[in-house]
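The values are calculated or read from the model by the stated rules, or taken from the named source; none is laboratory data. Quantities reported herein were computed from a predicted structural model and do not represent experimental measurements. In this analysis, Cβ positions are derived from the backbone assuming ideal geometry, glycine residues included, and neighbour counts consider all displayed protein chains. Heads up: the accessible areas ignore ligands, DNA and RNA and are worked out on the full protein's heavy atoms, side chains in. Shrake-Rupley method; radii C 1.70, N 1.55, O 1.52, S 1.80 Å.
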Amino acid sequence: MTPSPASPPENVQADLAALARLARDIRLAVLDMTRRAGSGHVGSVFSCAEILAALYGRVLRVRPEEPDWPDRDRFVMSKGHAAAGLYAVLALRGFLPAARLEEFYVDGGSLVGHATTGVPGVELSTGSLGHGFPVSVGLAEGARRLGRPWRVYALLSDGECDEGATWEAALLAAAWHLDNLTVIVDYNKVQSYGLVSEVVPLDPLGAKWESFGWAVREVDGHDLEALLEALDPERWPVAGKPRCIVAHTVKGKGVSFMEGQVLWHYRTPRGDEYARAVAELTGAR
């Protein structure tokens, strides 16, 4: 659970520090995974590391020792190309052995390059943009019809907001008043081949979601305190509407030569790039 407003300041700060370490460890694990595999989406993971840390460190009601617990919250990594980050946080939180991360994107390995079921904690195979979010709407509606308490969270890329299926699902979720559904848009403003502003401009993105009948908050996607405030329905209660968090992030966040660079949508660390990136993330420069 999230710290209550009455929690002592030192406890809140210790909690935020622990989540910051988790975000750093996600990035370090992904650096190692993608270097070994020679493939992956480093920049796309680094932009959402704090989001994953906040969700799996504090917000999601899940049981790592019982991944299929019926009343667990459902998390869908709709931006499935960032699967390395999902696998990393699942390993760091105890859903699977850390050694299994060595099987990412290698011949004979069990961790496929896009999010794939069969891995403990992965709810849905995703990767074709715009496909994961509509299933999230179905999961939220399923919980409502069954009278079950689980909440549904879906992490979208800004590129997914170019997809018609995204907006069809957004309309339906609002029409069904799915207040057990939260979407987080990882708005890092860089798509696979260029800047969002140059490919298909999305601004004002928050206003678009709001016009579709959603409750919307825009936050710094690397500010853990702001993320916790927005992600927890008890701290941001909304009745009768699904919630959208537009998380303003930086592609490649945490490594200076990756930040904001289109190159790092696909590129993996090579040569001394790996050592430089590790040094920046660990403060060992």
Exercise. Please give the number of the condition residue 40 fails out of (1) over 25 Å from residue 187 (Cα atoms); (2) in a loop (DSSP other than H, G, I, E, B).
Key: (1)
Exercise. Run down 125, 44 and say which single residue is within 19 Å of residue 155 (Cα to Cα), of a type in the set (Ser, Thr, Tyr), surrounded by 18 or more Cβ atoms within 10 Å (Cβ to Cβ) and more than 14 Å from the chain's Cα centre (by Cα).
Key: 125
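Determine which member of the set 187, 193 is open to solvent by 60 Å² or more (accessible area, probe 1.4 Å), within 22 Å of residue 42 (Cβ to Cβ) and either in contact (Cβ under 8 Å) with a residue 60 or more places away in the chain or among the polar types (S, T, N, Q) (or both).
One residue alone meets the criteria, 193.
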Practice problem: Test residue 71 against the stated conditions and say whether it is of a type outside the set (A, V, I, L, M), touching a residue at least 60 places away in the same chain (Cβ under 8 Å) and outside any loop (DSSP other than H, G, I, E, B). | Solution: no
Quiz item: Restricting attention to segment 198-218, does a residue exist that is crowded, with 21+ Cβ neighbours inside 10 Å, over 25 Å from residue 168 (Cβ atoms) and in contact (Cβ under 8 Å) with a residue 40 or more places away in the chain?
Solution: no
Self-check item: Filter result for residue 154 (open to solvent by less than 20 Å² (accessible area, probe 1.4 Å) and touching a helix residue (DSSP H, G or I) at 6+ places or on another chain (Cβ under 8 Å))
Solution: yes
Quiz item: Among the residues of segment 22-30, is there at least one that is touching a Ser or Thr at 6+ places or on another chain (Cβ under 6 Å), in a helix (DSSP H, G or I), open to solvent by less than 10 Å² (accessible area, probe 1.4 Å) and touching a residue at least 40 places away in the same chain (Cβ under 8 Å)?
Solution: no
Self-check item: Subset of segment 254-285 [of a type in the set (Gly, Ala, Ser), crowded, with 18+ Cβ neighbours inside 10 Å and assigned to a helix (DSSP H, G or I)]
Solution: 277
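Go through segment 43-67 and report how many residues are part of a loop (DSSP other than H, G, I, E, B), in contact (Cβ under 8 Å) with a residue 60 or more places away in the chain and in contact with a Phe, Trp or Tyr (Cβ under 7 Å, 6 or more places away or on another chain).
1
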